[in-house]
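Worksheet for the structure shown next.
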Amino acid sequence: MDRYRPLKIEQKWQKKWEKEEAFKATEVEGKPKVMLAEMFPYPSGAGLHVGHVRNFTIVDVLTRFFRQQGLNVMRPFGYDTFGLPAENYAIKTGTAPQDITAVNIANFRKQAKKLGYAIDWSREINTSDPEYYRWTQWCFLQLFKKGLAYQKESYQWWCPEDQTVLANEQVENGKCWRCGHEVEKKKMKQWFFKITEYADELLDEIDNLEWPEKIKVMQKNWIGRSVGAEIDFEVEGGSPKIRVFTTRADTILGATFLVLAPEYAGLQHIVSDDCKEAVEKYKADALKKSEIERQENKEKTGVFTGAYAINPATKERIPIYVADYVLAGYGTGAIMAVPAYDERDREFAEKFDLPIVEAELIDKDAYGTPKITYRMRDWLISRQRYWGCPIPIAYDKDGNPHPIPEDQLPVMLPEVKDYKPDKTGRSALAKAKDWLTVEIPVKDPKTGKTHMEKMTRETDTLDGYACSSWYLWRYASPHDDKAAWDEKAISYWEPVDYYCGGDHAVAHLLYVRFWCKFFADEGFLPFREPIKRLLYNGYINAPDGKKMSKSKGNVIDPLDVIDDGYGADTLRTYEMFIGPYDMDAAWDTRSVGGVYRFLNRCYNLCFDAKAIRVDDDKNVVVRNKTIKKVTEDIHRYNFNTAVAALMEYVNELYKNGASNEDLKVLAKLLKPFAPHLASEMLEKLDSDEEWPRWEEKYLVADTLELVVQVNGKLRAKLDISVDDLEDEEKIIEMAKTDSRVQKYVKGGIKKTIFVKKNRLVNIVV
Ligand code: ANZ
């Protein structure tokens with residue numbers, strides 16, 4: 001008997017696919033398309049891990065599924081290569097990040113090919129390639145032209161020992177991650193993208209997206225629209241008025257003091273002379289805390305400013321405090337404290353012995369003006385780092401920023417020897433003396449004449465999230481040197497139909513949406529939402545259920561599974577079988593073996609001459625049922641139950657014997673998961689790969705009655721299939737949208753309850 005030899009089979013098919021450029025995508029006018037992508041990886045030195053494999057395989061299953069259905073499919077690939085790991089390695093070893101990155105990409109590519117992914121390798125992109133970042137710079141310039149890229153002073157974490165700016169995640173318990181020195185906040189000029197300009201649209205359109213509910217909620221909370229009012233309070237002694245933001249203007253009669261954020265602009269004009277020292281000291285301490293720490297429910301701290309304001313409603317004189325529970329970047333950075341109604345204010349009042357007045361509520365609009373505030377801030381994009389996309393700006397002698405003309409792009413990253421930031425906190429680019437000076441054409445506003453002017457380049461680079469904010473569009477025309485993306489290609493392929501990732505629920509996904517709306521407004525994009533459907537996959541944990549980490553020594557290298565002789569098909573199928581795709585799952589080595597045995601059984605059914613052959617009729621019911629189940633499961637992203645259905649099917653075929661048709665169906669349904677083995681089977685069966693259809697007539701007996709109640713009263717009975725009973729979302733949707741039910745739920749649904757064992761849905765309105 002012939003034996004299943006995965007490595008041999010896989011090599012054979014991978015070679016063939018490579019040679020034939022089997023997955024190359026080209027636009028075909030009028031032919032329906034599907035575009036799919038994963039969140040492109042950072043190619044780390046450690047290579048692909050189990051999480052990548054899960055993520056990429058989900059995309060691959062869908063890719064192959066749609067290909068087999070005859071759709072025009074594009075599945076590109078890319079690398080998100082700028083960032084700190086390569087830079088830190090460069091600082092430590094002196095190796096250029098460019099070189100490190102090239103090695104890591106080559107490794108990732110090799111590994112991805114070993115997994116048999118149906119990637120169009122001609123559409124491979126790399127964000128640190130000048131061919132790519134030229135257009136990241138172009139994107140920046142468009143935002144700059146419209147005033148959506150701007151500079152302002154902002155507080156940054158600063159390590160006085162390393163003389164460097166730190167990102168939030170590089171501050172551990174108030175100390176520098178590298179040297180352990182206590183960090184400070186330093187005021188520095190930084191670049192921002194004005195994402196807040198699109199806050200309303202970003203919020204309002206979330207509901208229309210086919211995205212997981214939890215991601216939608218996270219995005220909404222992040223944007224955090226808050227409807228309230230701004231109210232002005234006069235300050236005694238003629239200092240400028242203090243404007244507060246409140247969502248409870250109706251509580252103003254109970255406002256017994258004001259609180260300012262320590263960073264409040266103009267604080268120095270308010271504080272009385274004898275309180276200056278105490279306020280300064282308090283401020284210095286507060287700046288060492290992160291916003292998260294400041295919002296933690298610890299004992300309230302604060303300090304009196306020595307100044308008083310007048311409550312415009314009661315006309316009473318109320319003290320002004322500074323406290324770090326009031327944040328600088330939210331609202332106006334000042335609040336009216338109403339201890340009788342607000343918990344935080346109450347704690348503060350109790351600690352500082354301030355009056356707590358249970359005043360009556362008044363009309364919201366009596367004082368102040370309506371105001372909408374957002375929790376989301378503008379996006380800070382400048383990094384004092386070498387290994388990033390250079391910001392295409394230069395400064396004249398007065399320090400005014402000028403855009404580098406588009407025809408001078410890309411602003412190339414210069415080669416340097418030492419990648420460390422300089423002592424003033426500027427990136428290593430500041431040490432590239434030749435690179436630093438540039439001549440730029442400047443138009444004289446009076447004469448209209450253009451002359452060349454010597455300027456100094458910006459030494460900040462862009463946040464890596466800027467590079468990943470437009471890469472999905474680059475896939476449409478990845479090597480275009482005329483434009484960031486080709487208009488025709490992008491209107492054919494995009495928006496992206498399926499996007500899959502297990503990270504970046506908020507930042508990245510919000511940034512892409514923001515850029516999309518901006519470029520749509522500028523006439524560069526024919527759509528306003530970049531991603532139709534999002535799949536958010538769970539983590540794969542170590543066999544002990546804990547997160548895999550090098551330090552715990554519990555890391556599973558997915559490629560060991562291949563090299564141990566199990567092969568890529570087993571690895572892929574196992575990671576789809578491991579559990580619902582959106583839930584975390586623990587690696588189980590025994591189960592890997594189980595999947596391998598299953599594939600082996602598939603192989604033997606097809607290739608073992610002794611396997612029993614039967615008529616097509618014999619398995620017609622189970623065959624049709626399996627087609628339906630696997631098709632619908634893949635559509636619903638239930639990859640694990642699709643694999644389980646294939647396993648059951650194979651069991652049946654072992655029991656009953658298999659016909660040629662049974663085997664063809666098996667190979668076709670198996671192909672998205674185990675493409676090499678399935679190709680080998682299809683070749684032997686002399687079959688195409690076209691996705692099979694089921695015939696309803698073989699599935700009839702399987703309907704049940706579902707009872708729908710509204711507030712406990714029977715409103716409809718529906719006929720549903722047995723399989724539907726497993727799908728709560730679908731059941732509830734069918735119940736809600738039934739014409740007999742609809743008139744009772746018009747006023748809005750409070751809750752739906754599905755009792756599976758009674759086949760009953762109760763809708764509470
Ligand atoms: C008086 C008041 C009375 C408030 C009351 C609340 C309850 P959201 O819903 O999150 O927008 N606030 C305003 N600016 C702040 C800042 N920079 N830092 C910390 N807190 C701030 O919350 C708005 C409420 O949070 C505002 O309404 C203000 O307190 C506080 F019974 O004003 B309120």
- Task: Give, rounded to the nearest 20 debye, the magnitude of the charge dipole that the stretch 407-525 has about its Cα centre when Lys and Arg contribute +1 at Cβ and Asp and Glu contribute -1 at Cβ.
- Result: 520
- Message: If I take every Cα pair under 8 Å that is 6 or more residues apart in the stretch 703-764, average their sequence separation and divide by the length, what percent do I get for the relative contact order?
- Response: 40
- Consider a paramagnetic label point 7 Å from the Cα of residue 293 along Cα→Cβ; state which residues of the stretch 148-191 have an amide N under 11 Å from it. 171-176, 182-185
- Message: Need one value: the accessible area of residue 743 in square angstrom, 1.4 angstrom probe, rounded to the nearest 10.
- Response: 120
- Once the Cα atoms of the stretch 97-254 are picked out, what are the Rg and Dmax in Å? 23.5, 75
- Message: How much accessible area per residue does the chain have, counting only protein heavy atoms and a probe of 1.4 Å, in square angstrom?
- Response: 46
- Message: I want to check the label-to-label distance for residue 189 and residue 397. Put each point 7 Å from Cα in the C-beta direction and report it in nm to one decimal.
- Response: 1.7
- Query: Given the chain, what percent of its DSSP beta bridges are antiparallel, to the nearest 5?
  - Reply: 75
- Which number do you get for Rg(Cα) / (2.2 N^0.38 Å) in the stretch 558-698? 1.02
- Task: Rounded to the nearest 500, what is the 222 nm mean residue ellipticity of the chain from helices alone, with -39500 (n - 2.57) per DSSP H run of 4+ residues and division by all residues?
- Result: -10500 deg cm²/dmol
- Two pseudo-spin positions, 7 Å from Cα along C-beta at residue 635 and at residue 220, lie apart in nanometres by 2.8
- Report the charge-dipole magnitude of the stretch 225-374 in Debye, nearest 20, computed about the Cα centre from +1 at each Lys and Arg Cβ and -1 at each Asp and Glu Cβ. 360
- Give me the aspartates and glutamates in straight-line cross-link reach of residue 664: C-alpha distance below 12 Å, same-chain residues under 8 apart excluded. 616, 680, 683, 686, 688, 689, 690
- Item | Virtual spin-label span in nm between residue 12 and residue 412, 7 Å along Cα→Cβ | 4.8
- Stokes-Einstein D (µm²/s) once Rh is taken as the Kirkwood radius of the stretch 225-374 over alpha-carbon pairs, at 10 °C in 1.306 mPa s: 103
- Task: First measure r as the distance between the Cβ atoms of residue 434 and residue 92, then evaluate 1/(1 + (r/R0)^6) with R0 = 25 Å and state the FRET efficiency to the nearest 0.05.
- Result: 0.45
- Can you find, among 9, 526, 409, the residue farthest towards the positive end of the dipole of the chain? Put +1 on the C-beta of Lys and Arg, -1 on that of Asp and Glu. 9
- Under the rule that a partner needs its Cβ under 4.7 Å from the first Cβ, which Cys of the chain have none? 139, 179, 275, 389, 467, 500, 516, 602, 606
- Contact order relative to length of the chain, as percent, for alpha carbon pairs under 8 angstrom and 6 or more apart: 14
- Task: Only Cα pairs under 8 Å and at least 6 apart count here; give the relative contact order of the stretch 613-765 as a rounded whole percent.
- Result: 19
- Task: Could you look at the chain and say what percent of its accessible area is carbon and sulfur, using a 1.4 Å probe and all protein chains?
- Result: 49
- Alpha-carbon spread of the stretch 703-764, three principal axes, descending order, Å: 31, 18, 17
- Query: Taking only the alpha carbons of the stretch 63-152, what extent do you get along each of the three principal axes, in Å, biggest first?
  - Reply: 52, 41, 20
- Going by a ≥ b ≥ c, the root eigenvalues of the Cα gyration tensor, does the stretch 508-572 fall in the rounded group (a/c under 1.5), the prolate group (a/b larger than b/c) or the oblate group? prolate
- Please compute the Cα-Cα pair-distance distribution of the chain with 10 Å bins starting at 0, giving whole percents from short to long. 2, 11, 18, 20, 19, 15, 9, 4, 1, 0, 0
- Item | Hits among lysines - C-alpha to C-alpha of residue 697 under 20 Å, sequence gap 8 or more where chains match | 618, 625, 628, 629
- Message: Is there a quick way to get the dipole size of the stretch 558-698? I mean about its Cα centre, with the Cβ of Lys and Arg at +1 and of Asp and Glu at -1; what is the value in debye to the nearest 20?
- Response: 460
- Query: Ordering 620, 496 by how much accessible area each has at a 1.4 Å probe, largest first, what is the list?
  - Reply: 620, 496
- Against the longest principal axis of the chain, how steep is helix 6-20, in degrees 0 to 90 to the nearest 10, with axes from Cα atoms? 70
- Rounded to whole Å and sorted largest first, what semi-axes of the equivalent ellipsoid does the C-alpha gyration tensor of the stretch 457-522 yield via the square root of 5 times each eigenvalue? 20, 18, 12
- Added length on full extension, which subtracts the Cα-Cα distance from 0.36 nm per residue, residue 173 to residue 361: 63.5 nm
- Task: Net charge near residue 282: determine it from the other residues with C-beta under 13 Å of the C-beta of residue 282, scoring Lys and Arg +1 and Asp and Glu -1.
- Result: +2
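How do 248, 572, 243 stack up against each other in accessible area, from largest to smallest, with a 1.4 angstrom probe?
243, 248, 572
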- Query: What are the lysines whose alpha-carbon lies under 23 Å from the alpha-carbon of residue 532, with same-chain residues fewer than 8 places away excluded?
  - Reply: 24, 31, 33, 214, 216, 220, 488, 517, 730
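Select from the stretch 340-431 those trypsin sites (Lys or Arg not before Pro) which occupy a DSSP coil region and have at most 10 other Cβ atoms within 10 Å, ordered by residue number.
Counting only loop positions with at most 10 other Cβ atoms within 10 Å, the trypsin sites (Lys or Arg not before Pro) in the stretch 340-431 are 397, 417, 423.
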- Note on the structure: Measuring from the longest principal axis of the C-alpha atoms of the chain, the long axis of helix 639-656 (C-alpha) lies at a number of degrees, nearest 10, equal to 10
- Note on the structure: With Cα coordinates, the longest principal axis of the chain makes an angle with the long axis of helix 568-577, in degrees rounded to 10, of 70
- Message: If I take R0 = 45 Å and measure r between the Cβ atoms of residue 422 and residue 103 in this structure, what FRET efficiency does the formula 1/(1 + (r/R0)^6) give, to the nearest 0.05?
- Response: 0.95
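The values are calculated or read from the model by the stated rules, or taken from the named source; none is laboratory data. Since the structure is predicted, the reported quantities are computational estimates derived from the model, not experimental observations. Cβ sites come from the backbone with ideal geometry, for glycine too, and all protein chains shown count toward neighbours. Only protein heavy atoms, including side chains, enter the accessible area calculation; ligands, DNA and RNA are left aside. Shrake-Rupley method; radii C 1.70, N 1.55, O 1.52, S 1.80 Å.
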